[in-house]
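First comes the structure, then the notes that go with it.
What follows draws every value from the coordinates through simple rules; no lab data is involved. Values in this document were obtained by computation on a predicted structure and should not be read as measured data. Backbone-built Cβ (ideal geometry, glycine too); neighbour counts: all protein chains shown.
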Amino acid sequence: MGNRLSKIYTRTGDNGTTGLGDGSRIGKDSVRVEAMGDVDELNSVIGLILAEGASPRLQVTLTKIQHDLFNLGGEICIPGYVMLTAACVDELEHHIDALNSELSPLKEFILPGGSKSAAFCHLARTVCRRAERKLIELHHHEKVTEISLQYLNRLSDLLFVMCRIMNKEAGVSDVLWKNEQT
């Protein structure tokens, strides 16, 4: 593969627009660009989890998710382009089921926290929910694939389960919500 980015700055965005993968230009404040940014931010937070040192089995899954998110960013960047498949959603569901089977059922809500990696994973989960909301907003104006919407929805569920697994692997309890009103 040749050099994709031979020059980092182009000055073409100085007027408040950015180029999409199809060559068109849109405002940097558009819903599409915001959706791309939220997916990119999610990918970066997953990078924090990996840098913190998730277990090898979670590292493999999280690295695959980073690639999927990069592909999702490509879908958003090129209107009408499709990269994620139903198999990607199926894979997330498989991981949710497998990991959740190792956990005791929840009887209380849990708060973000516990181990440092779980706290980063909770952050990833909340960024994922925001990315999902922004992609839904984009879908109200322009077509996005149902698979991409499903993917982010399942991913936030998987990240929640991973938070609990990370705490379990670290020997740290989940932080249980205590309703002081009852």
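Key figures for this structure:
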| item | result |
| --- | --- |
| Over segment 29-141, relative contact order from alpha-carbon pairs under 8 Å, at least 6 apart, % | 46 |
| 3J(HN,Hα) from dihedral phi, segment 128-141, Karplus parametrisation 6.51/-1.76/1.60, rounded to Hz, x for glycine, proline | 4, 4, 5, 4, 4, 4, 5, 5, 5, 4, 4, 4, 5, 9 |
| Highest-fluctuation residue, 35, 54, 86 considered, GNM on the chain with Cα pairs under 10 Å | 86 |
| DSSP-assigned coil residues among trypsin sites (Lys or Arg not before Pro) in segment 87-182, each with at most 10 further Cβ atoms within 10 Å | 107, 143, 178 |
| Longest site-free stretch - the chain; sites: chymotrypsin sites (Phe, Trp or Tyr not before Pro), DSSP loop, at most 11 other Cβ within 10 Å | 10-108 |
| In nm, spacing of pseudo-spin labels at residue 60 and residue 28 (7 Å Cα→C-beta vector) | 4.1 |
| Sum of side-chain charges, residue 159 neighbourhood, beta-carbon under 11 Å (Lys, Arg +1; Asp, Glu -1) | +3 |
| Under the Karplus curve 6.51 cos²θ - 1.76 cosθ + 1.60, θ = phi - 60°, whole-Hz ³J(HN,Hα) for segment 162-175, x wherever Gly or Pro sits | 4, 4, 5, 5, 4, 5, 4, 5, 7, x, 10, 6, 4, 8 |
